[in-house]
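The values are calculated or read from the model by the stated rules, or taken from the named source; none is laboratory data. On a predicted model such as this, the values are computed, not experimentally measured, just so you know. Neighbour counts are summed over all protein chains in view; Cβ atoms, including those assigned to glycine, are modelled from backbone coordinates with ideal geometry.
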Amino acid sequence: MSYKKASHVLPLELVELIQDYVDGEYIYIPKKDRNRKAWGSNTTIREELETRNSSIYANYLNGMSTDSLADRYYLSIKSIQRIVLNKKRESYL
C-alpha cells in the first residue's frame with residue numbers, strides 16, 4: 001500500500017472537511033467492495049495450501065495418524081482434523 005498526499009488527489013474543500021475530523025492523522029480509505037480482490041488472488045498461496053491439504057489427506061488415508069501429521073506439517077491436531085474432514089466432504093461431492 002502506498003500513501004498519497006490528500007491535496008494531490010482530493011479537492012481542497014474535501015481536504016479541509018477531513019481535517020476537521022482527523023487533522024494531521026493517517027487514515028485508511030478501504031476499496032469499494034466491487035474493487036476488492038479475493039484472498040490469495042495475487043499469490044500462489046491458494047494452490048500451495050490445496051497441494052498441502054491434499055498431501056495431508058493422502059497421508060491420512062495411507063494410515064498416518066493425526067498426531068504424526070500435525071508434527072510433520074507443523075499444524076495443530078485440530079487443524080489436521082479440519083483438513084481431513086473437509087477433504088472427506090469434497091470426495092463425496
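Return the total of residues in the stretch 40-63 being assigned to a helix (DSSP H, G or I) and either surrounded by 13 or more Cβ atoms within 10 Å (Cβ to Cβ) or of a type in the set (Gly, Ala, Ser) (or both).
Initial filter on the stretch 40-63 (assigned to a helix (DSSP H, G or I)): 45-61.
Those still in the list that are either surrounded by 13 or more Cβ atoms within 10 Å (Cβ to Cβ) or of a type in the set (Gly, Ala, Ser) (or both) too: 52-60.
Residues flagged as assigned to a helix (DSSP H, G or I) and either surrounded by 13 or more Cβ atoms within 10 Å (Cβ to Cβ) or of a type in the set (Gly, Ala, Ser) (or both) within the stretch 40-63 amount to 9.
Does at least one position in the stretch 24-34 carry a residue that is of a type in the set (A, V, I, L, M), without any contact (Cβ under 8 Å) to a residue 40 or more places away in the chain, at negative phi and not in a loop (DSSP other than H, G, I, E, B)?
The initial filter retains those residues of the stretch 24-34 that are of a type in the set (A, V, I, L, M), namely 27, 29.
Cutting the leftovers down to without any contact (Cβ under 8 Å) to a residue 40 or more places away in the chain gives us 27, 29.
Now narrow it down to the ones that are at negative phi: 27, 29.
From what's left, not in a loop (DSSP other than H, G, I, E, B): none.
Looking for residues that are of a type in the set (A, V, I, L, M), without any contact (Cβ under 8 Å) to a residue 40 or more places away in the chain, at negative phi and not in a loop (DSSP other than H, G, I, E, B), one finds none in the stretch 24-34, hence no.
Residues to consider are ILE27, ILE18; find the one that is at pLDDT below 95, surrounded by 11 or more Cβ atoms within 10 Å (Cβ to Cβ) and over 19 Å from the mean Cα position of the chain (by Cα). Full working, then the answer.
Details: ILE27 fails: surrounded by 11 or more Cβ atoms within 10 Å (Cβ to Cβ).
Being at pLDDT below 95, surrounded by 11 or more Cβ atoms within 10 Å (Cβ to Cβ) and over 19 Å from the mean Cα position of the chain (by Cα) holds for just one of ILE27, ILE18, which is ILE18.
Determine whether the stretch 66-84 contains at least one residue that is among the aliphatic types (A, V, I, L, M) and exposed (fewer than 13 other Cβ atoms within 10 Å of the Cβ). Steps first, please.
Step one: filter the stretch 66-84 for residues among the aliphatic types (A, V, I, L, M), giving 69-70, 75, 77, 80, 83-84.
Adding the requirement that they be exposed (fewer than 13 other Cβ atoms within 10 Å of the Cβ) leaves none.
No, because not a single residue in the stretch 66-84 is among the aliphatic types (A, V, I, L, M) and exposed (fewer than 13 other Cβ atoms within 10 Å of the Cβ).
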